[in-house]
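Down below is the structure, laid out as structure tokens.
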Amino acid sequence: MNLENDFVVELLKKTGADIYLVGGIVRDSLLKKENHDRDIIVCDVDARTFAKDFSNNNNCSFVPLDEVNNIYRVVFPDKVNYVDITNPINNSLKEDLRRRDITINSLAYNIKTQEIVDYTDGINDLKNGIIKAVSEKNFTDDPLRMIRVFRFASTLGFDIEKETEKIIKKHRDKILVPAQERINVEILKLFGGKYAHDVILKMDELGLIDILFPIMIDEKKVPPNTHHHLPLFYHSVETVKQIQDIYEKSDSDVKEHLEKVDFGGESRLAHLKFAGFLHDIGKFSTWTIENDGRHRFIGHDEIGSNMAKGILKSQKFSKKQTEYISFIIKHHMYASAVVSAPILTDKIFMRFVRKAEDNAIDLITISKADRLSAKGPAITNEMVEENIKNLNKLQDFYIQIKPTLVPLPKLLSGEDIMKELKIKPSPLLGEIIKSLQNAQMEGNITSREEALIFIRNYKAEEYNGRKK
């Protein structure tokens, strides 16, 4: 294991106390994965006393996390490294480890002897890539553990043991018992995993998807059509897969952007894949079949975006998460629409960049994924290749231009326009403001004087149009 050279472990070793690292850091060290979440159980000293003394001796901060359950955090001066400290349940390390969710999370590492403590055969399950419940009771005590099973299957790519699947299926109706905020954390971690698409299908097989996301009950009613080779639900899952594949094949600029943690404690990639799963939720309510047999979903992007706002708000996702996901859903076809223009120009690309702002890569990625997930009989390979090629051009343009981008100055306010044109608040004012913004985005207007000429001409054209 790579814990022997950990400076925090070395400091803990010097205390002489009977200390065990537990949980994820032990699992990930055996898998040779990075994990800085150091959870320790101290067996022979009161956790509060130990945490206070350890923080004082190492110039750290002492933070009570849960006084009732005797859990404390010690934060090192670098504000990056920390240790969470507690005592074992009923003063028994064995009982504590056997009360955990899955066997691979029930391992402990004796800091003094450098030995692994394994009461649940977790090491063998780790070697065999198996996710197994420690006990059925642990899942009924805290049903969130059912979602955690899928989260670890998504991030590790492990198989879920059949008996564990049976436990989950048996108790799936309890899945909404935990606080919604706790559920949200696990859902986003799940979508951040490489194998999220496979896990969603397994969750659906066991009956969890319709409970967690009732909107999918209607989505499952939409069949394949000339543009989509898959039923709508499976198209949505395939979109999640394609986003992951695109990320893995991307260059460093795209990867670095999608790996950013800008909201919700998880990466943009996790949120984008979640948006990919929800991107077509507006289709069922806008679904019509024309006389020629064509399926149409007019306005599904905007309606789906509004539906997502309501769903995410009711599920207590943060304002920033809700804004991002609903924005992606609303504009998931925008990048493809841009590159479908007969002639592609820098002005067309710049307008997209200005409108998408920090979400440009995200919108291009979901457009690619959506295109690659829809290959009905009316869609040729040439059409797909052309779309992806042009989306790559748009992405290259954005990456090249991004370092030079500065916020567009506000050349005229609404009051300025009303005063100049002698008009009152009206739909016309809104049209003028929007047209001025578009002209500015395209680089056609760069000064206040040019903006004034533009709005005067707009008013004159509008007046002449009415006169006719």
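The values are calculated or read from the model by the stated rules, or taken from the named source; none is laboratory data. Note that this is a predicted model, so its numbers are computed, not measured. As a convention, Cβ positions derive from the backbone with ideal geometry for all residues, glycine included, and neighbour counts pool all protein chains shown.
Summary of computed values
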| read-out | value |
| --- | --- |
| From the options 168, 187, residue that is in contact (Cβ under 8 Å) with a residue 60 or more places away in the chain and out of contact with any Asp or Glu (no Cβ under 6 Å at 6 or more places or on another chain) | 187 |
| Residue in the range 74-89 that is surrounded by fewer than 22 Cβ atoms within 10 Å (Cβ to Cβ), in a helix (DSSP H, G or I) and more than 31 Å from the chain's Cα centre (by Cα) present | yes |
| Complete set of residues in the range 313-362 that are of a type in the set (D, E, K, R) and more than 14 Å from residue 271 (Cβ to Cβ) | 313, 316, 330, 346, 347, 351, 354, 355, 357 |
| Enumeration of residues in the range 20-38 that are in contact with a Leu (Cβ under 7 Å, 6 or more places away or on another chain), modelled with pLDDT of 90 or more and closer than 16 Å to residue 81 by Cβ | 21, 29 |
| Residues satisfying the stated conditions in the range 205-244, i.e. part of a helix (DSSP H, G or I), within 19 Å of residue 157 (Cα to Cα) and touching a residue at least 12 places away in the same chain (Cβ under 8 Å) | 237, 238, 239, 240, 241, 242, 243, 244 |
| Residue among 43, 60 that is within 27 Å of residue 120 (Cα to Cα) and out of contact with any Ser or Thr (no Cβ under 8 Å at 6 or more places or on another chain) | 43 |
| Output for the range 317-346, where each listed residue is surrounded by fewer than 13 Cβ atoms within 10 Å (Cβ to Cβ) and either touching an Asp or Glu at 6+ places or on another chain (Cβ under 6 Å) or within 24 Å of residue 274 (Cβ to Cβ) (or both) | 319, 320, 337 |
| Residue match in the range 128-142 (condition: in contact with a Pro (Cβ under 8 Å, 6 or more places away or on another chain) and either within 24 Å of residue 185 (Cα to Cα) or acidic (Asp, Glu) (or both)) | yes |
| Selected residue [crowded, with 21+ Cβ neighbours inside 10 Å and out of contact with any Pro (no Cβ under 9 Å at 6 or more places or on another chain)] from 297, 274, 263 | 274 |
| Those residues of the range 408-427 which are surrounded by fewer than 14 Cβ atoms within 10 Å (Cβ to Cβ) and within 41 Å of the chain's Cα centre (by Cα), in sequence order | 408, 409, 410, 413, 414, 415, 425, 426, 427 |
| Flag for residue 238 being touching an Asp or Glu at 6+ places or on another chain (Cβ under 9 Å) and over 23 Å from residue 317 (Cβ atoms) | no |
| Selected residue (criterion: farthest from residue 421 (Cα to Cα)) from residues of the range 445-462 that are surrounded by 12 or more Cβ atoms within 10 Å (Cβ to Cβ) and modelled with pLDDT under 85 | 446 |
| Residue 451 closer than 30 Å to residue 253 by Cβ, in contact with a helix residue (DSSP H, G or I) (Cβ under 8 Å, 6 or more places away or on another chain) and outside the structural domain of residue 348 (by TED's automatic domain parsing) | no |
| The range 56-98: number of residues that are in contact with a strand residue (DSSP E or B) (Cβ under 6 Å, 6 or more places away or on another chain), of a type outside the set (A, V, I, L, M), without any contact (Cβ under 8 Å) to a residue 40 or more places away in the chain and within 26 Å of residue 136 (Cβ to Cβ) | 0 |
| Residue 353, sole failed condition from (1) under 16 Å from the mean Cα position of the chain (by Cα); (2) assigned to a helix (DSSP H, G or I) | (1) |
| Considering residues of the range 11-64 that are touching a helix residue (DSSP H, G or I) at 6+ places or on another chain (Cβ under 8 Å) and of a type in the set (Asp, Glu) only, the residue surrounded by the most Cβ atoms within 10 Å (Cβ to Cβ) | 39 |
| Selection status of residue 140, assigned to a loop (DSSP other than H, G, I, E, B) and hydroxyl-bearing (Ser, Thr, Tyr) | no |
| Subset of the range 125-137 that is of a type in the set (A, V, I, L, M, F, W, C) and not in a strand (DSSP E or B) - its residue that is nearest to the chain's Cα centre (by Cα) | 126 |
| Filter result (surrounded by fewer than 16 Cβ atoms within 10 Å (Cβ to Cβ) and under 20 Å from residue 271 (Cα atoms)) within the range 213-233 | 214 |
| Residue check, residue 283 touching a helix residue (DSSP H, G or I) at 6+ places or on another chain (Cβ under 7 Å), modelled with pLDDT of 95 or more and buried (at least 16 other Cβ atoms within 10 Å of the Cβ) | yes |
| Some residue of the range 290-305 being under 18 Å from the mean Cα position of the chain (by Cα), at pLDDT 95 or above and in the same structural domain as residue 370 (by TED's automatic domain parsing) | yes |
| Cβ-Cβ under 6 Å pairs, at least 6 apart or on other chains, the range 338-367 side farther than 20 Å from residue 257 by Cα, far side part of a helix (DSSP H, G or I) and among the basic types (Lys, Arg) | none |
